[in-house]
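Beneath this line is the structure, given in structure tokens, with notes to follow.
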Amino acid sequence: MLAFRSSDTSARSTGLLLRCILFALLALGLMIVDKRYQDLGKIRRALSIVAYPAQVAVASPFEGWAWLRESLTTREALRADKSRLEEQLRVAQFRLQRFEALEAESRRLRALRDNTAGVSARFLVGNVMDVDLDAFRERVLVDKGAHDGVYVGQAVLDAGGVFGQVARVGEMTSEVILISDAAHAIPVQDNRNGLRTIAVGTGDVSHIKLPYISTAADIVKGDLLVTSGLGGGFPAGYPVGTVVEIKRDPAQSLADVEVSPAAALDRAQELLFVWPAGGATPAATLTPATAKPATTPPPRAAAPAKPADAAKTAEAAKTGEAAKK
Amino acid sequence: MMRAERIRRLPMALSALVALTLAIVPLPEVIDAFRPDFLVLVVFFWSIESPRAGGLTLAFVSGLALDIIKGAVLGQHALALTLMAAWATHLRLRLRVFSVLSQSLTIFALLTGYQFILFWIDGATGNPVTSFSRWLAPVIGALIWPVMVGTLSRLRER
């Protein structure tokens, strides 16, 4: 196997120990500085530029292959695609007509209530880069960064619904944490009755869960969950997922609710970065669970739910229910 | 002697770059958890093979690169890799006369130590990974170690 080489003296091994301690201390110092202070953000951004060519180099063959396949599609396939897209556009435009009327109505009603939180204004499209970050965390790398105005905590959508939020920003790239990551939580609302709760990731892209729903809560299979806008991290009213399974164990106080995400978490290629309407600078928070409510809660809420607190959320859900009755 | 070692730095840097690329090449979800830590194996190889050419520096720099690419706490991989590379350097004389099986077993121990430090820092920074599949990487790494040594030794000979 390995050839036997020159033997070393003990002087060398003390040198090794010294260097090892030096490097270890350096690494420890870096970790403490990185964790304690945000100053390292700039250094990280600069370092991410160094990593950028490697990431592009890895992603480009896959992009090249996709481009090649796209340019070699037949005329029939393109025509079929075109008619399908035209059909979709017709349906979308039809819906949009209604949407515009509804938006105007909503704005009038909100003006009555002196609430300025509206539907988001500015979007930016980013592409998912074909780079694996970490096998054990649900994160993707997107080709838009601080250069394009992306900020930490920004909401990210895809065509189907809420995809995740920006966890880290580089100069040219940003890291998006999916709503299915085990460390992610998002404030949601049942679209049918306004029941508010928190959806938490499971570490599995195919489903997220609602851990803070009481067994008595009014929630049924097929309910659509939308963002509630509480916490200020995500704009209100975007679809998060549909309830696929509810397990109610009479012995437990909380039900087991499984939700299928509305966004194509494992397939999405184009993502939308959303800026909140009004251009207010949002708080840079990683998880909405730690964010303070920035918007005024709906009048129905007797006590504003503090997302991280399970008991309080369940309580608020009950008050929501009581108010409904 | 000095010149010979200076020349050896090129294959060192080259193999580290290739390993870094292998670490981020997209793989299907199913086999992603089975991806061995290529860069760690490369660092171990050079720590054992030519510690004088700066195996520890390579370990620290590679660790930092992993931190940036994986978006971990800056210094996490650097610390784990430095400590384990130092241990590998310490064991190198014994490792060189070991049989393939004992070498792989030692590498398994080193890789497990590496994963444990990562695991520990993950927990300490409040970002734990509870998935059991993280402990698969050392097994796979130990299994491909002989192949790795074969390839890299050939690179060194040239």
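Positive end of the charge dipole of region A:14-92 (Lys, Arg +1 and Asp, Glu -1 on Cβ, about the Cα centre): tell me which of A:CYS20, A:SER71, A:ILE49 has its Cα farthest that way. In region A:14-92, that residue is A:CYS20.
Using Cα centres only, tell me the gap between region B:100-119 and region A:22-68 in whole Å. What the calculation gives is 26 Å, centre to centre. Farthest towards the positive end of the charge dipole of chain B, among the residues B:GLY54, B:ILE107, B:TRP135, is the Cα of B:GLY54, using unit charges on the Cβ of Lys, Arg, Asp and Glu. Region B:80-158 has equivalent-ellipsoid semi-axes of 27, 14, 11 Å, by the square roots of 5 times the alpha carbon gyration tensor eigenvalues, sorted largest first.
For peptide B:24-31, how many partner chain Cβ atoms fall within 10 Å of a residue's Cβ, on average? Please list the in-between numbers first.
Details: counts 13, 7, 8, 2, 0, 4, 0, 1.
Per residue, the average neighbour count from other chains is 4.
Across q = 0.11 Å⁻¹, region A:111-247 modelled as identical point scatterers on its alpha-carbon atoms has Debye log10 I(q)/I(0) values of -0.43, in the order of the q list. The translational diffusion coefficient of region B:42-92, from Stokes-Einstein at 20 °C and 1.002 mPa s with a Kirkwood hydrodynamic radius over alpha carbon pairs, comes to 204 µm²/s.
Select from B:LEU111, B:LEU143, B:LEU101 the residue whose mean-square fluctuation is largest in a Gaussian network model of chain B (Cα-Cα springs shorter than 10 Å). Top of the fluctuation ranking is B:LEU101. Indicate the gyration tensor shape class of region B:112-158 (rounded, prolate or oblate), computed on the Cα atoms with a ≥ b ≥ c the square roots of the eigenvalues: a/c under 1.5 is rounded; otherwise a/b larger than b/c is prolate and the rest oblate. Prolate.
Report, to two decimal places, the Cα Rg of region A:168-281 normalised by 2.2 N^0.38 Å (N = number of residues).
Cα-based Rg divided by the globular estimate yields 1.13.
The Cα atoms of chain B cover 47, 31, 30 Å along the three principal axes, with the biggest extent listed first. Remark: region A:180-197, residue by residue, has Karplus-estimated 3J(HN,Hα) of 8, 5, 4, 9, 10, 9, 9, x, 10, 9, 6, 5, 7, 10, x, 4, 9, 7 Hz, where x stands for each Gly or Pro and the curve is 6.51 cos²θ - 1.76 cosθ + 1.60 at θ = phi - 60°. Residues in region A:232-238 carry Karplus couplings, in order, of x, x, 10, x, 6, x, 8 Hz; the curve used is 6.51 cos²θ - 1.76 cosθ + 1.60 with θ = phi - 60°, and Gly or Pro positions show x.
About its Cα centre, region B:30-135 has a charge dipole of approximately 300 debye under the convention of +1 per Lys or Arg Cβ and -1 per Asp or Glu Cβ, with nothing else charged. Helix B:100-124 and the longest principal axis of the C-alpha atoms of chain B enclose an angle of approximately 40°.
Any read-out appearing in this document is the output of simple, stated calculations on the displayed coordinates, not a laboratory observation. Just so it is clear, the structure is predicted and the values come from calculations on it, not from any experiment. Positions of Cβ are generated from backbone atoms using ideal geometry, with glycine treated the same way; all protein chains shown enter the neighbour counts.
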